[in-house]
Amino acid sequence: MKASHPDLSHPAVVDRAALPGLLASRRAAGQRVVFTNGCYDILHPGHVDLLARARAEGDLLVLGLNSDASVRRQGKGADRPVNPFAVRAYVLAHLASVDYVVEFDEDTPHALIAEVQPDVLVKGGDWSVDRIVGRDIVQARGGRVLSLPLLPGFSTTGLVERIRAGLSTGEKE
């Protein structure tokens, strides 16, 4: 990012190595940990809705956020992510539903889920439960794995495609 950006740090954006310790104290207080993950490239109402419903499944929500390199490896386009990790994490950390944002650089969050050991694992309804990465870890501990319905009409990929189409026809912002 350019030096002209303000400091985009936030206490909810945590280092992966620190997360187990933070969660241990919350678990000791009897809190249930919910985990979800994604790119969250351009935040839209579908994201906000899913995160609020995920958070409602427990006492705190950990959001595993793909690194920029991880997003690029998903083949969403050479111009993705639109927003770099620091921007995405900063925006997400300000949502009331999100307690912790943690970066992962792998292609899937499997290793991060193994570290977090959530009580509940949530993905959007475009993922069937049998395809949700980390399901094995959570179910082995007796936890729940949920595929929550998506808010219709919202998609980052669809939004980016509309932006690309508009810009390619010479439309102004």
Solvent-accessible area per residue for region 1-69 (1.4 angstrom probe, square angstrom): 46 Å²
Give me the percent of accessible area attributable to carbon and sulfur for the chain, probe 1.4 angstrom. 56 percent
Protein chains only, probe 1.4 Å: how do Glu57, Glu161 rank by accessible area, largest first? Glu161, Glu57
In sequence order, what are the phi-derived ³J(HN,Hα) couplings for region 111-123 according to the Karplus relation 6.51 cos²θ - 1.76 cosθ + 1.60 with θ = phi - 60°, rounded to whole Hz, with x for glycine and proline? 5, 5, 4, 4, 6, 6, 6, x, 7, 9, 10, 10, 9
Test item: Cα-centred dipole of region 36-103, Lys/Arg +1 and Asp/Glu -1 on Cβ, debye: 240 debye
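Report the charge-dipole magnitude of the chain in Debye, nearest 20, computed about the Cα centre from +1 at each Lys and Arg Cβ and -1 at each Asp and Glu Cβ.
That gives a dipole near 200 debye.
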Please say if region 65-115 is rounded, prolate or oblate, where rounded means a/c under 1.5 for a ≥ b ≥ c the square roots of the C-alpha gyration tensor eigenvalues, and otherwise the choice is prolate for a/b larger than b/c and oblate otherwise? oblate
In whole angstrom, the spacing between the Cα centers of region 55-127 and region 146-165 equals 16 Å
What distance in nm lies between label points placed 7 Å from Cα along the C-beta direction at Ala52 and Arg72? 3.5 nm
For Asn37, the residues 5 or more places away or on another chain with a placed amide H closer than 5 Å to its own amide H are Gly64
Long-range amide H partners of Leu146, meaning residues 5 or more apart or on another chain whose placed amide H is closer than 5 Å, are Leu121, Val122, Lys123
So which GluC sites (Glu not before Pro) in region 62-124 pass both tests, a DSSP loop state and at most 16 other Cβ atoms within 10 Å of the Cβ? Glu106
Matching label, P(r) over Cα pairs in 10 Å bins from 0, in percent computed from the structure shown, candidates (1) 10, 37, 37, 13, 3, 0; (2) 10, 34, 30, 17, 6, 2, 0; (3) 11, 42, 37, 10, 0: (1)
Test of understanding: given the chain, find the longest segment containing no trypsin sites (Lys or Arg not before Pro) that are in a DSSP loop and have at most 16 other Cβ atoms within 10 Å. 77-140
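The values are calculated or read from the model by the stated rules, or taken from the named source; none is laboratory data. These numbers come from a predicted model, not from an experiment. Heads up, the Cβs are rebuilt from the backbone with ideal geometry, glycines too, and the neighbour counts pull from every protein chain shown. The area values use the complete protein model at the heavy-atom level, side chains included, leaving out ligands, DNA and RNA. Shrake-Rupley method; radii C 1.70, N 1.55, O 1.52, S 1.80 Å.
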